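The values are calculated or read from the model by the stated rules, or taken from the named source; none is laboratory data. Source: prediction; values computed, not measured. Cβ coordinates were reconstructed from backbone atoms using ideal geometry, including for glycine residues, and neighbour counts include every protein chain displayed.
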Amino acid sequence: AWAYADSRPLNASIAKNWGGGIGGFQIGLHENQGDLEMKIGEADGDFVTAREGYDDRFPLASWQHVALVTDGSLARLYRNGVEVACAQYDGALKTNRKGLGVGMRPNNAGTKPNNLEPAYWDGRIDDVRIYGRALGQNEIAALHEVGITTVVEGGGAPPRFVRLEPNAPNPFNPVTRIEYALPRSARVDLSIYDLGGRLVRTLVRSEQAGGRYSVSWRGKNESGRDVASGVYFYRLDVNGEASVRKMMLVR
C-alpha cells in the first residue's frame, strides 16, 4: 500500500485483517512511538510483532510505500522497497475480505475501530494490494519504484477528451514523468513497451475518476531491473481508446 501521513495517531492501521486467531495482521504505527510496525496473530492468542525502530518515526507529508510479506518462516516489513524489520513466523496471513480494514485501529477484539479511543489514519492511503504469494524483495522494490499516481492539483476542469502529454524530461535519465487527463471515470491502463512491442512495465491498471494525473517511470522493468538505453513507447488505454507517445532513455 501507499500511505501519506499528516500526523501520527498512535496504533493507527494502514491495513489490517485482525479478526482474532492465527494469521490476523495489522500494519500501521506503534502504539507509543509512531514508527512503522507489524503485528501478526498466533494460535495461542499471542502475536508476533516487529517495528522499524524508536528513532525512525513514520515520515509526514510524503508518500511512503509499505509492505508486509510472509514466506512460511519469516515475516518481513518493508518501507520504500527496503526491509526495515523482520520476525520469525511460520504461518500465512488472513486474506479473506470479511475482516479487512484500511485506515483504522482495531478494538481489543480486532473486529472494528475502537470508538472509546479512536486512532484512524490521518492522511491518505492508496493502491492497497493483497497477493496470494510471497513477493520477492526485487518485486517489492519495483512496486516502490513505480511511484504513486498523483492527481495534478489546480489543473482546472477535466478535459473534453482523453489526453496523453509528452513525458518530461525527454530524453531522460534516470526518471521521467508522464501526465494524462481523463474527461470522466474510466478503466485506465498505462504501460511501457520497447521497440519490438514487448511489454516492459505496467505503470497504471485501475479505475480512475475524471481529472489530470501524473506518474513516474524510473527506467525499470517489471522485475525492478534497469532497462537498456534506447527508444521506448508509452501507451495509454482508456475504455478501449489508445494513445501512444515515444520517449528516449539515455544512460
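Scanning the range 181-203 for residues that are among the aliphatic types (A, V, I, L, M), part of a strand (DSSP E or B) and more than 11 Å from VAL238 (Cα to Cα) gives ILE192, LEU199, VAL200, LEU203. Within the bounds of the range 78-88, is there any residue that is in a strand (DSSP E or B), assigned by TED's automatic domain parsing to the domain that holds GLY123 and touching a residue at least 60 places away in the same chain (Cβ under 8 Å)? Yes. Is there a residue in the range 28-37 that is under 23 Å from ASP90 (Cβ atoms), over 20 Å from the mean Cα position of the chain (by Cα), surrounded by 16 or more Cβ atoms within 10 Å (Cβ to Cβ) and modelled with pLDDT under 90? No, there is no match, as no residue in the range 28-37 is under 23 Å from ASP90 (Cβ atoms), over 20 Å from the mean Cα position of the chain (by Cα), surrounded by 16 or more Cβ atoms within 10 Å (Cβ to Cβ) and modelled with pLDDT under 90. Against the numbered list (1) in a loop (DSSP other than H, G, I, E, B); (2) within 18 Å of the chain's Cα centre (by Cα), ASP44 comes up short only at (2).
Before we move on, is VAL66 assigned to a strand (DSSP E or B), β-branched (Val, Ile, Thr), farther than 19 Å from GLY123 by Cβ and in contact with a strand residue (DSSP E or B) (Cβ under 9 Å, 6 or more places away or on another chain)? Criteria not met by VAL66. Residues that are basic (Lys, Arg) and either in contact with a strand residue (DSSP E or B) (Cβ under 8 Å, 6 or more places away or on another chain) or in contact (Cβ under 8 Å) with a residue 40 or more places away in the chain (or both) were ranked within the range 180-201; the one that is nearest to GLU222 (Cα to Cα) is ARG201. Whenever a residue of the range 1-17 is modelled with pLDDT of 85 or more, its partners that are in a loop (DSSP other than H, G, I, E, B) and β-branched (Val, Ile, Thr), lying with C-beta atoms within less than 9 angstrom and at least six residues away or across chains, give the pairs ALA1/VAL128; TRP2/VAL128; TRP2/ILE148; TYR4/ILE148; ILE14/VAL128; ALA15/VAL128; ALA15/ILE130.
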